[in-house]
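Worksheet: the structure to be examined is printed underneath.
The values are calculated or read from the model by the stated rules, or taken from the named source; none is laboratory data. None of the values given here were measured: they were computed from a predicted structure. Using ideal geometry, Cβ is built from the backbone for each residue, glycine included, and neighbour counts are taken over all protein chains shown. For the accessible areas, the whole protein counts, side chains as well, though only heavy atoms, and no ligand, DNA or RNA atoms are used. Shrake-Rupley method; radii C 1.70, N 1.55, O 1.52, S 1.80 Å.
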Amino acid sequence: MSIILHCDANNFYASVETLLNPDLKGKAIAVCGNPEKRHGIVLAKSDIAKKAGVKTGEPIWWAKQKCPEIIFVQPHYDEYVSISNKLFAMYSEYTDKVESFGIDECWLDCSQSTNLFGSGEQIAETLRQRVKDEIGITISVGVSFTKIFAKLGSDYKKPDAVTVIDENNYKDIIWGLPVTDLLMVGRQTAKLFKQLSINTIGDLAKYDAATLQQYIGINGKKLHLYANGIETEEIRLAEQKHIPESIGNSTTTPFDVTNESEAEAVITSLAEMVAIRLRKHKLIANGLGVSIRYCSLDGTHKNNLLTYTTCNAQDIAEEALKLLRSIHNFKKDPPIRQLGVYTYKLSTSEVRQTTFFDIPHSKRENLDKSIDEIRSKYGQTAVKSGIVAKHEELCDGLVDKDFQPFKK
């Protein structure tokens with residue numbers, strides 16, 4: 001039987017902010033983007049703010065109404081990365097199988113570690129105490145025999161807690177939970193479950209698997225297995241990197257984008273971030289998409305396959321602009337509040353068939369790599385494209401604060 005731990009740092013951003021400023025301890029705080037640049041949503045909150053009803057993703061004015069005494073702080077991403085690295089280094093002392101699930105949580109396969117460090121519960125308690133004593137924040141740890149159940153365990157009791165879910169008690173602990181608590185149950189799947197009167201994880205576990213697959217597809221069968229504690233996916237070794245299915249970035253601009261020149265500047269900045277991430281993962285893209293959202297929060301998107309594979313910022317920007325022009329008319333349509341650029345159909349292939357017409361793309365990629373080296377040494381703003389410099393007030397802070405490509 002596998003021994004899987006899921007470690008989740010409690011209120012991670014808010015906890016780190018309290019480390020940076022001890023005067024915030026015991027107070028209602030929320031980590032937010034910059035409201036002046038319309039990034040004014042709650043990214044994380046303390047337990048006290050949570051108890052007052054503050055939720056991640058809601059506007060700061062709404063959070064203020066719910067909790068008048070709340071203190072808003074802007075994020076310090078460098079510090080979050082630093083603390084995250086310390087956490088993962090500590091976890092790696094107990095097993096080489098550490099799989100990240102974001103900056104603040106991960107799975108550990110401790111099946112081969114018990115002779116050295118004790119049972120799964122003992123390892124979890126050791127980590128919980130060490131994180132508190134040595135780093136200064138708290139974690140919740142789920143201990144189980146599958147990744148899905150371990151994740152449910154870390155969510156079950158917070159903060160600063162260990163929950164063991166084994167083959168003897170999982171029905172008592174898990175089957176009464178809402179089915180939406182199960183990993184991979186999104187909004188659309190939840191609607192389908194509701195139509196089938198599947199409200200709890202237990203309802204899902206007892207439902208006929210063949211009917212689920214017929215009604216929901218292969219994902220229904222997989223979720224049915226998860227609910228019954230059956231899972232075959234292994235935890236990756238710490239040095240194994242997850243290969244994403246798509247890579248993209250979006251941003252809410254400081255003010256509405258009303259013309260193509262402004263849109264080109266934002267798209268160029270987003271394309272640079274996407275290209276950096278592609279190269280970081282040693283990936284090339286064969287599909288590209290753009291998304292837009294208006295002040296009404298209505299929006300649209302469009303994607304298309306490329307005639308060549310690329311990880312070059314200029315290629316991505318040029319194709320993204322073509323797509324944008326096909327779905328948005330700056331003279332007729334409302335101003336744009338949010339823009340996004342994403343790539344898909346990613347490949348790790350280093351060898352690709354080229355033609356004479358691919359030579360410009362290869363030269364662009366070599367230029368990008370040189371720019372990467374300059375930026376990694378002198379900062380992301382050391383090199384700027386002309387269009388971005390022209391609309392600096394629109395793109396200011398987009399790369400530096402919203403995304404840090406050279407951090408782990």
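Observations on the structure shown:
- Check on Asp133, more than 24 Å from the chain's Cα centre (by Cα), at pLDDT 95 or above and under 24 Å from Leu212 (Cβ atoms): no
- Every residue from the stretch 1-32 that is more than 25 Å from Pro68 (Cβ to Cβ), surrounded by fewer than 17 Cβ atoms within 10 Å (Cβ to Cβ) and in contact with a Ser or Thr (Cβ under 6 Å, 6 or more places away or on another chain): Ser2
- In the stretch 107-122, the residues that are farther than 15 Å from Ile165 by Cβ and assigned to a helix (DSSP H, G or I): Thr114, Asn115, Leu116, Phe117, Gln122
- Of all the residues in the stretch 303-342, those that are touching a His at 6+ places or on another chain (Cβ under 9 Å) and hydroxyl-bearing (Ser, Thr, Tyr) number 4.
- Selection of strands (runs of 3 or more DSSP E) fully inside the stretch 18-102 by the criterion of at least 1 residues being closer than 21 Å to Arg128 by Cα returns 42-45, 98-100.
- Listed by first and then second residue, the pairs linking a residue in the stretch 159-177 that is farther than 15 Å from Ser140 by Cβ to a residue that is part of a loop (DSSP other than H, G, I, E, B) and not hydrophobic (A, V, I, L, M, F, W, C), with Cβ atoms under 8 Å apart and 6 or more places separating them unless they lie on different chains, are Glu167/Gly229; Tyr170/Gly229.
- Pair list, Cβ under 8 Å, 6 or more apart: the stretch 100-119 residue open to solvent by 60 Å² or more (accessible area, probe 1.4 Å), other residue polar (S, T, N, Q): Gln112/Thr95; Phe117/Thr126
- Test: Lys64 is open to solvent by less than 40 Å² (accessible area, probe 1.4 Å), of a type in the set (D, E, K, R) and closer than 29 Å to Cys295 by Cβ: no
- With respect to the stated conditions, Val266 fails to be modelled with pLDDT of 90 or more and in contact with a Gly (Cβ under 8 Å, 6 or more places away or on another chain).
- Reported count of residues in the stretch 139-181, each being of a type outside the set (A, V, I, L, M, F, W, C) and not in a helix (DSSP H, G or I), is 15.
- Within the stretch 228-262, being open to solvent by less than 40 Å² (accessible area, probe 1.4 Å), in a loop (DSSP other than H, G, I, E, B) and modelled with pLDDT under 85 holds for Ile235, Pro244.
- Single unsatisfied condition, Lys86 versus (1) open to solvent by less than 70 Å² (accessible area, probe 1.4 Å); (2) touching a residue at least 24 places away in the same chain (Cβ under 8 Å); (3) closer than 24 Å to Ala14 by Cα; (4) not acidic (Asp, Glu): (1)
- Among the residues making up the stretch 192-208, those that are crowded, with 19+ Cβ neighbours inside 10 Å and assigned to a loop (DSSP other than H, G, I, E, B) are Ile198, Tyr207.
Here is a yes/no grid of residues against (1) out of contact with any Phe, Trp or Tyr (no Cβ under 7 Å at 6 or more places or on another chain); (2) more than 18 Å from Ser246 (Cβ to Cβ); (3) free of Cβ contacts under 8 Å to residues at least 12 places away in the same chain:
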{"residue": "Glu262", "(1), (2), (3)": "yes, yes, no"}
{"residue": "Thr268", "(1), (2), (3)": "yes, yes, no"}
{"residue": "Met273", "(1), (2), (3)": "no, no, no"}
{"residue": "Leu305", "(1), (2), (3)": "yes, no, no"}
{"residue": "Ile316", "(1), (2), (3)": "yes, no, no"}
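- Restricting the stretch 84-130 to residues that are of a type in the set (A, V, I, L, M) and more than 26 Å from the chain's Cα centre (by Cα), the residue that is farthest from Ile148 (Cα to Cα) is Leu116.
- Number of residues in the stretch 120-159 that are small (Gly, Ala, Ser) and either over 28 Å from Pro178 (Cβ atoms) or surrounded by fewer than 16 Cβ atoms within 10 Å (Cβ to Cβ) (or both) equals 1.
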